[in-house]
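Trainee: Just dropping this structure here.
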Amino acid sequence: MKTYQEWLSLRDELVSQDRLPHMAYINGAYVPAVNGETFDCINPTDESLLAKVASCDEDDVNVAVEAAKNAFKSGVWSTMAPGKRKRILQKWADLLEAHEDELALIDTLDMGKSINEMVNIDVPDSIDALRWSAECIDKLYGEIAPTDPKNLALITREPLGVVATITPWNYPLMMVMWKISSALAAGNCVVLKPSEKSPLSALRIAQLATQAGLPDGVFNVLPGFGHTAGKALALHMDVTTLAFTGSSRVAGLLMQYAGQSNMKRVWLEAGGKSPCIVFSDCKDIEAAAEGAASAIFTNQGEVCIACSRLYVHDSIKDEFMTALLRAAKTYQPGDPLNPDTKMGPMVDKAQLETVTRYIQSAKEEGANLLLGGEPDYQEGNGFFAKPTIFDQANNGMTFVQEEIFGPVLAVQTFETEEEAIALANDSQYGLGAAIWTADLSRAHRVSRLLESGMVWVNTWGDGDTTVPFGGVKASGNGRDKSWHALEKYTEVKYTCIRL
Ligand code: NAD
């Protein structure tokens, strides 16, 4: 790991030499937006301008979808020999690895994420997703059905065509790579619209894809806003599939856009309000408290699976809260380029204001502030929030029901297992859940009853590319990573041959 000073020097080089990508990437080349407009990309740590980025809208969407459609129809990618496609994606992964410091730096500057996490989690995980999907390409076999022997019944998997992906800002590179690696491995052509709050790493990796040999038009990136570029993509008649990660509100809109246009498939990875349940038989209270703190304060709480609701058994509350407060205090906000910093700034001023509003509402509704509170914002000094914990919360409170997407934890107690499960399930969301218990039967029993796409027992957030990531209820319907993601990007075809 580089030192703080080394990261600062690298940052100065990157920014002063104007090396941050800022144009759309269509058909294998950087291009300005058709309307010539740009938007400001701001570093949330010091509020400085990083780049003026092309602000794409419907015109650019039409150009990019046309490029992707032509590339798909030409078969330059979809019918390329699987082994060759695999080698191109692997070469791309090699190039990402060769640029890992630059990619880590770009996301840290763009959204305030800790450089330590970028280097140790986001970048390696993104590369792993690409390598894993690449390896799958020549392992996707078809089937022959055991039908009447007078026929030969073939079941094959085919790519879908133009896949549009729309991604959020909280894990810029990783969210992009989880989606596009599977979509491209399955032989599709992709038009990506990254979040307007963190578009830079997506623009950089597109150029590296071309260098790796990905044919022009197979992967296109359109920076721009949701209500312009995003909406136009979602309504486009030539987009066959929409893969989205973001809020549940926008996820609902995308389902409407699909219905209003061509009934494109819509895969949604949406919001969360994950519960963490600590039972009285929890073996290591210190570890559970550290786990609970990490589950809400990692990435400033800007994590879809953040456990923002903590349910702790009444009998261990005092001991647990002492350990939790101790662990929480290690998340002091600071410059995310310092490898020792565990918590950077919020992504922008609007997100900081959202956090502030929910802290105020928690106080107004009667929760008891134990740590943190409203941010001490001073213009120009970055959008820093404080790790914040309330106890005496209840499920009727707004900040317990709504996703804050910030470092704010609501603590409640429970007495019985049934009560804990009922409290955990009393949410519109169903993304992740964490349980801390030493009782194996309880772990299985509770895990089955939790309305959640993912459950962690005595840990939180673990999961490499081999396991699916996604939720139920208002948290969405899709899965990223693993074979389950790959299948989303293929169409099953049945062909019957009379012998
Ligand atoms: P968001 O929904 O505001 O935006 C996500 C993307 O959608 C952005 O690219 C945005 O420009 C685009 N968009 C916005 N309005 C649109 C519209 N009308 N039409 C088309 N596109 C539109 O979400 P966000 O603030 O970027 O990200 C935070 C959210 O993402 C949180 O709710 C978080 O839980 C969720 N998230 C979920 C997962 C998961 O895997 N389930 C992972 C990360 C983040």
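All of the numbers you see were taken from the coordinates with simple rules; none came from a lab. What you are looking at is a predicted structure, and each value in this text was computed from that prediction instead of being measured. Quick reminder, even Gly has a Cβ in these numbers, built from the backbone with ideal geometry, and neighbours come from all protein chains shown.
Trainee: For the residue pair residue 462 and residue 95, what label-to-label distance in nm results when each label sits 7 Å from Cα along the Cα-to-beta-carbon direction?
Mentor: With each label point 7 Å from Cα toward Cβ, the separation is 3.6 nm.
Trainee: Same structure again: Rounded to the nearest 20 debye, what is the charge dipole size of the chain about its Cα centre when +1 sits on each Lys and Arg Cβ and -1 on each Asp and Glu Cβ? Mind showing how you got there, number by number?
Mentor: Numbers: 44 positive and 65 negative charges, 411 e Å.
My answer is approximately 1980 debye.
Trainee: Considering only DSSP states other than H, G, I, E and B, which GluC sites (Glu not before Pro) in segment 357-400 qualify as loop sites with at most 10 other Cβ atoms within 10 Å?
Mentor: Details: sites: 364, 365, 379; in loops: 365, 379.
Answer in residue order: 379.
Trainee: Per DSSP helix of 4 or more residues, -39500 (n - 2.57); summed, then divided by the residues of the chain. What does that give at 222 nm, rounded to the nearest 500? Let's see the in-between values first.
Mentor: Working: 16 runs with 189 residues, N = 499.
Roughly -11500 deg cm²/dmol at 222 nm, from the helical runs in the chain.
Trainee: Let me ask something additional. Ordered by packing density, taken as the mean number of other Cβ atoms within 10 Å over each peptide's residues, highest first, how do 83-91, 198-206 rank?
Mentor: So the order, starting with the most tightly packed, is 198-206, 83-91.
Trainee: So if I take the centroid of the Cα atoms in segment 35-102 and the same for segment 382-443, what is the distance between those two points in Å?
Mentor: Cα centroid of segment 35-102 versus Cα centroid of segment 382-443: 37 Å apart.
Trainee: Relative contact order of segment 161-266, please, whole-number percent, based on alpha carbon pairs below 8 angstrom and at least 6 residues apart. Mind showing how you got there, number by number?
Mentor: Values: 170 pairs, mean separation 34.1, N = 106.
After rounding, I find 32 percent.
Trainee: Also, I was wondering about something else. Farthest toward the dipole's positive end in segment 361-488, which of 416, 478, 433, given Cβ charges of +1 (Lys, Arg) and -1 (Asp, Glu) about the Cα centre?
Mentor: 478
Trainee: In addition: Report, in debye and to the nearest 20, how large the dipole of segment 246-378 comes out about its Cα centre when Lys and Arg carry +1 and Asp and Glu carry -1 on their Cβ. Can you show the working numbers first?
Mentor: On the way: 13 positive and 17 negative charges, 126 e Å.
Magnitude of the dipole: close to 600 debye.
Trainee: Here is a further query. In segment 201-275, which chymotrypsin sites (Phe, Trp or Tyr not before Pro) are in a loop and have at most 16 other Cβ atoms within 10 Å, using DSSP for the loop call?
Mentor: On the way: sites: 219, 225, 244, 257, 267; in loops: 225.
The qualifying sites are 225.
Trainee: Follow-up. Residues in segment 302-329, backbone N under 18 Å from the label point at residue 377 (7 Å along the Cα-to-beta-carbon vector): list them, ranges by number please.
Mentor: Residues 302 fall inside that zone.
Trainee: Starting from segment 209-313, pick out the trypsin sites (Lys or Arg not before Pro) whose DSSP state is loop and whose Cβ has at most 13 other Cβ atoms within 10 Å. Provide the component values of the computation, followed by the final result.
Mentor: Working: sites: 231, 249, 264, 265, 273, 283, 309; in loops: 264, 273, 283.
Answer by residue number: 283.
Trainee: With an 8 Å Cα cut-off and a minimum separation of 6 or more residues, compute the relative contact order for the chain in percent.
Mentor: 18
Trainee: Averaging sequence separations of C-alpha pairs under 8 Å and six or more residues apart, then dividing by the length of segment 14-134, give the relative contact order as a whole percent.
Mentor: Details: 117 pairs, mean separation 26.7, N = 121.
Contact order relative to length: 22 percent.
Trainee: Still on this structure, I have one more. For the chain, what class follows from the C-alpha gyration tensor (a ≥ b ≥ c being the square roots of its eigenvalues): rounded when a/c is under 1.5, otherwise prolate if a/b is larger than b/c, else oblate? Display every interim value, and only then the final one.
Mentor: Values: a/c = 1.90, a/b = 1.30, b/c = 1.46.
Verdict is oblate for the chain.
Trainee: Also, I was wondering about something else. Along the charge dipole of the chain, which of 39, 489, 98 sits closest to the positive end, that is, farthest toward it, with unit charges on the beta carbon of Lys, Arg, Asp and Glu (+1, +1, -1, -1)?
Mentor: With unit charges placed on the Cβ atoms, the residue in question is 489.
Trainee: Shape call for segment 275-464 from the C-alpha gyration tensor, a ≥ b ≥ c root eigenvalues: rounded (a/c under 1.5), prolate (a/b greater than b/c) or oblate? Display every interim value, and only then the final one.
Mentor: On the way: a/c = 1.76, a/b = 1.55, b/c = 1.14.
It comes out prolate by the Cα gyration axes.
Trainee: Only Lys, Arg, Asp and Glu count, each charged at its Cβ (+1, +1, -1, -1), so figure out the dipole size of segment 275-464 about its Cα centre, rounded to 20 debye. Kindly include the intermediate steps, with their values, before the conclusion.
Mentor: Working: 13 positive and 29 negative charges, 27 e Å.
Using only the charged Cβ atoms, the result is roughly 140 debye.
Trainee: Let me ask something else about it. Compute the acute angle (0 to 90°) between the alpha-carbon long axis of helix 200-212 and the principal axis of greatest extent of the alpha-carbon atoms of the chain; round to the nearest 10°.
Mentor: For helix 200-212, the angle is close to 40 degrees.
Trainee: Further, regarding this structure: Name the residues whose placed amide hydrogens come within less than 5 Å of the amide hydrogen of residue 267, ignoring near sequence neighbours (fewer than 5 apart) on the same chain.
Mentor: Result for residue 267 returns 242, 243, 244.
Trainee: On a 0 to 90° scale, report how tilted helix 248-260 is relative to the longest principal axis of the chain, with both axes built from alpha carbons and the result rounded to the nearest 10.
Mentor: That helix lies at roughly 30 degrees to the long axis.
Trainee: Turning to a different aspect of this structure: If pairing requires two Cys Cβ atoms under 4.7 Å apart, which cysteines of the chain are left without a partner?
Mentor: Isolated Cys, the chain: 41, 56, 136, 189, 282, 304, 496.
Trainee: Also: If the chain between residue 48 and residue 74 were fully stretched, how many nm would it gain, using 0.36 nm times the residue separation less the Cα-Cα distance?
Mentor: Details: separation 26, 0.36 × 26 = 9.36 nm, distance 4.37 nm.
Extending this stretch completely gives an extra 5.0 nm.
Trainee: Once the other residues with Cβ under 11 Å from the Cβ of residue 68 are scored (Lys, Arg +1; Asp, Glu -1), what is the net sum?
Mentor: Details: positive: 69, 73; negative: 66, 216, 238.
Spelling it out: positives minus negatives among the neighbours equals -1.
Trainee: Here is a follow-up. Could you tally the net charge around residue 276, taking each other residue with its Cβ under 13 Å from the Cβ of residue 276, Lys/Arg +1 and Asp/Glu -1?
Mentor: Neighbourhood net charge equals +1.
Trainee: Hey, another quick one. What pairs from 150/264; 342/488; 2/273; 363/481; 84/493; 349/473 go past 28 Å between their alpha carbons?
Mentor: Result: 150/264; 342/488; 2/273; 363/481; 349/473 exceed 28 Å.
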